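The values are calculated or read from the model by the stated rules, or taken from the named source; none is laboratory data. Not measured: the values here are computed from a predicted model. Methodologically, a virtual Cβ is constructed for each residue, glycine included, from the backbone with ideal geometry; neighbour enumeration extends over all protein chains shown.
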Amino acid sequence: DTAVSQTPKYLVTQMGNDKSIKCEQNLGHDTMYWYKQDSKKFLKIMFSYNNKELIINETVPNRFSPKSPDKAHLNLHINSLELGDSAVYFCASSQDRMVGLGEQFFGPGTRLTVL
Amino acid sequence: KNQVEQSPQSLIILEGKNCTLQCNYTVSPFSNLRWYKQDTGRGPVSLTIMTFSENTKSNGRYTATLDADTKQSSLHITASQLSDSASYICVVSAGTGANNLFFGTGTRLTVIP
């Protein structure tokens, strides 16, 4: 019955590897997001995805790519992991088609550690 | 430059006491302002969303105020409980689009018995 779920909860991997984080929402929302929260707890939006429209934060390296197999899922794939990618990644969703207007519901987060 | 600043950075209060957290922003244009509560190890949970025309909005013991003229918002917590210990994040939207969401760095509140 979890509204927004993410897997895995923890991910430890070596530098240079490729990894994916999965996100699913059962709220019937139209828009999904990926956020990165660094060690200082600062939340930064990475992507939003709405009706097959992807909006990318221009500061996100192209090693990061979101993939949406359907409206309820938005996975995050990361290539060639670097030490600086270590952070907690949050998936979120919102009802609104227009990003930035409505309430967002967050998943529990995935703590990624790159060694 | 669009920025959201929160104060204090951290706060410790006794259970049962009230407290007020501040959020100042320079975001323009302004669409809405949200307060989120983030428990340790969890995702943020929305407390309130306010648009330009709303001065105050309550959610239980949480009351948010907005002064769009001075670009300030506050979150007042009444009769604090141990479960209020969390980070509180202020987010300002400059309109639609992922690049129009601006996040504060949060206030870490600790409520002690």
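Provide a single number: the residues in the stretch B:69-101 that are hydrophobic (A, V, I, L, M, F, W, C) and either more than 19 Å from residue B:45 (Cβ to Cβ) or within 7 Å of chain A (Cβ to nearest Cβ) (or both).
Total satisfying the criteria: 5.
Hey, which of the strands (runs of 3 or more DSSP E) in the stretch B:1-100, taking only ones fully inside, have at least 2 residues that are within 25 Å of residue A:110 (Cα to Cα)?
B:32-38, B:45-51, B:86-93
Residue B:66 passes all but one of (1) buried (at least 18 other Cβ atoms within 10 Å of the Cβ); (2) under 30 Å from residue A:32 (Cβ atoms); (3) in contact with a helix residue (DSSP H, G or I) (Cβ under 9 Å, 6 or more places away or on another chain); which number fails?
For residue B:66, the exception is condition (3).
Return the residues of the stretch B:75-95 that are crowded, with 18+ Cβ neighbours inside 10 Å and either modelled with pLDDT under 95 or closer than 12 Å to residue B:7 by Cβ (or both); say none if nothing qualifies.
Residues satisfying the conditions are B:75, B:88, B:90, B:91, B:92, B:93, B:94.
Against the definition (within 14 Å of another protein chain (Cβ to nearest Cβ) and closer than 21 Å to residue A:48 by Cα), how does residue B:10 come out, yes or no?
no
Residue B:46: among the small types (Gly, Ala, Ser), closer than 14 Å to residue A:103 by Cα and in contact with a Leu (Cβ under 8 Å, 6 or more places away or on another chain), yes or no?
no
Out of the stretch A:60-87, which residues are within 12 Å of residue A:7 (Cα to Cα) and surrounded by fewer than 21 Cβ atoms within 10 Å (Cβ to Cβ)?
Scanning the stretch A:60-87 gives A:73, A:75.
State all residues of the stretch A:91-115 that are in contact with a helix residue (DSSP H, G or I) (Cβ under 6 Å, 6 or more places away or on another chain) and either aromatic (Phe, Trp, Tyr) or modelled with pLDDT under 95 (or both); if no residue qualifies, say none.
A:99, A:100
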